[in-house]
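Below is one structure, written out as structure tokens, with a few remarks after it.
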Amino acid sequence: MDLFPSDLDQRVLLHNVADRLNTVADHLPLPHQIGPAPALSEILDDEIRNLARLLGYLTGQHASRHRATANYPDQATASRRRVTLALAEAAEPTGGALAALSSAVHHLARLADLTHQHPGPGPARTRAIAAAHQDLADRIGESRTQLACAARHLRATADTRTPPAATVPAPPTASAAPSRTR
């Protein structure tokens, strides 16, 4: 098992994780597609599970890379440390997206409950439905934004090249100096 994958493998990994984050975002409905339909609850269920797995993957990758760096510090390059940091940094917006989707579930339940109630007197029910719908749309939008932010960061890190370590040439030794014979 290679504890320290090549730079190319690490760039591919970051792009792959970014693609997976974008896929979750792409499966989320757009504001005009949001309503109290049961299909939305199934989408949220699926994407929350996918996002939870991705968050677990990000934190697991950071933990294993952190241990590898601690155990083999001479093999930890600047590029590898940068990739490890990028994975850890992606965990925050990914967790934010997961939290927003969890809140969306609450707002969807509220919206579904309001739409199934018998109409009451006055416009209070209509305002409550509109507010619940807007809150639901806002949380899903927030999740999409967080996922896009995490994916952009991972791609930017993947596409940034770490310059090779500068090496200073060793001064010539006395025996390596050219000799002139006459």
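The values are calculated or read from the model by the stated rules, or taken from the named source; none is laboratory data. These numbers come from a predicted model, not from an experiment. Cβ coordinates were reconstructed from backbone atoms using ideal geometry, including for glycine residues, and neighbour counts include every protein chain displayed. SASA here: full protein model, heavy atoms, side chains in, ligands and nucleic acids out. Shrake-Rupley method; radii C 1.70, N 1.55, O 1.52, S 1.80 Å.
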DSSP loop (so not H, G, I, E, B), at most 16 other Cβ within 10 Å: list which GluC sites (Glu not before Pro) in the stretch 14-106 pass both filters. none
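I want the local charge near HIS66. Using Cβ-Cβ distances under 14 Å, sum +1 for each Lys or Arg and -1 for each Asp or Glu among the other residues. The partial results should precede the final answer.
Values: positive: ARG65, ARG67, ARG80, ARG81, ARG82; negative: GLU89.
Net of charged neighbours comes to +4.
Over the Cα atoms of the stretch 24-171, what is the Rg over Rh ratio if Rh follows Kirkwood?
Working: Rg = 21.9 Å, Rh = 18.0 Å.
Radius of gyration relative to Kirkwood radius: 1.22.
How much of the accessible area of the stretch 1-122, in percent, comes from carbon and sulfur atoms when a 1.4 Å probe is used? Can you show the working numbers first?
Working: 3880 of 6770 Å².
The C+S portion of the solvent-accessible surface of the stretch 1-122 is 57 percent.
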When you count, for each residue, the other Cβ atoms within 10 Å and take the mean per peptide, how do 20-28, 32-40 rank with the highest first? 20-28, 32-40
Using a cut-off of 14 Å between beta-carbons, work out the net charge of the residues near SER103 (Lys and Arg +1, Asp and Glu -1, SER103 not included). -1
Please list 3J(HN,Hα) in residue order for the stretch 104-109, calculated via the Karplus relation 6.51 cos²θ - 1.76 cosθ + 1.60 where θ = phi - 60°; whole Hz, with x for glycine and proline. 4, 4, 4, 5, 5, 5
Could you derive backbone 3J(HN,Hα) for the stretch 52-58 from the dihedral phi with the Karplus parameters 6.51, -1.76 and 1.60 (θ = phi - 60°), listing whole Hz in sequence and x where the residue is Gly or Pro? 4, 5, 5, 5, x, 5, 4
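I want the local charge near HIS116. Using Cβ-Cβ distances under 14 Å, sum +1 for each Lys or Arg and -1 for each Asp or Glu among the other residues.
Details: positive: ARG110, ARG125; negative: ASP113.
With Lys, Arg at +1 and Asp, Glu at -1, the neighbours total +1.
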Need one value: the accessible area of HIS106 in square angstrom, 1.4 angstrom probe, rounded to the nearest 10. 110 Å²
